[in-house]
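Let me begin by presenting the structure, written as structure tokens, before commenting on it.
Read the figures in this text as sums done on the coordinates, not as results from a lab. From a predicted model like this one, the values you see are computed outputs, not experimental measurements. Here the Cβ is made from the backbone with ideal geometry for all residues, glycine too, and neighbour counts use every protein chain on show.
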Amino acid sequence: MRPSSMKEELSKSFIERVLAWTYSMGFPLGVTALLYLRVHFGYNPPFPASLGLALLCIGLADIFVPTLIHGYSQVLRRLSIYSGIWTSLVGIWLYWRLWGDSGLVVLIALALPLWPLSHREVLRLQGR
């Protein structure tokens, strides 16, 4: 193997690990941000409801188009799908305010099993 290809492979591996950790840490940071926004601003957040619609579209793109974004990495595809599900649900809640605080509790309850699944993929990428 040539030294430049080794460097490219190492670089690709580092980028995959950073992306994987970013996907995985999105769950606790997202829950924290939602709780903060709800407690601090109530139901009058400082951003328009259309942000929820944008998050829904981004989440659906993460679910249905991960191959174009992540190429052949199965781990990043699965992480993208988990993150897309979470992002879509957050977008739905922010846009329609489904069930109010009960909807937020349901959202957090759905994030609890998605986060360990996501973190398992991070560990799989690291070879553990």
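Observations on the structure shown:
- Note on the chain: with a GNM built from Cα contacts shorter than 10 Å, the maximum mean-square fluctuation among 45, 28, 116 falls on 45.
- Across the range 40-56, computed HN-Hα scalar couplings (Karplus, 6.51 cos²θ - 1.76 cosθ + 1.60, θ = phi - 60°) run 6, 10, x, 9, 10, x, x, 10, x, 5, 5, 4, x, 5, 5, 5, 4 Hz from first to last residue, x flagging Gly and Pro.
- Here the convex hull built on the C-alpha positions of the chain has a volume of 112 cubic angstrom per residue.
- The length gained by stretching the chain between residue 110 and residue 14 to full extension, at 0.36 nm per residue less their Cα-Cα distance, is 31.6 nm.
- FRET efficiency, residue 40 to residue 74 (Cβ-Cβ, R0 35 Å, nearest 0.05): 0.35
- Computed over the range 28-128, relative contact order equals 31 percent, with contacts defined as Cα pairs under 8 Å that lie 6+ residues apart.
- Considering helices alone, the calculated mean residue ellipticity of the chain at 222 nm is -29500 deg cm²/dmol, with DSSP H runs of length four and up weighted by -39500 (n - 2.57) and normalised per residue.
- Potential lengthening of the chain between residue 101 and residue 123 amounts to 4.6 nm, from the contour at 0.36 nm per residue minus the alpha-carbon distance.
- Of every Cα-Cα pair in the range 68-128, the percent that sits beyond 19 Å: 40
- Per-residue 3J(HN,Hα) values for the range 79-95, derived from phi via the Karplus relation 6.51 cos²θ - 1.76 cosθ + 1.60 with θ = phi - 60°, read 4, 5, 5, 4, 5, x, 4, 4, 5, 5, 5, 4, x, 4, 5, 5, 6 Hz in sequence order (x marks Gly and Pro).
- Of the chymotrypsin sites (Phe, Trp or Tyr not before Pro) found in the range 63-127, the ones in coil according to DSSP and having at most 10 other Cβ atoms within 10 Å of their Cβ are 72.
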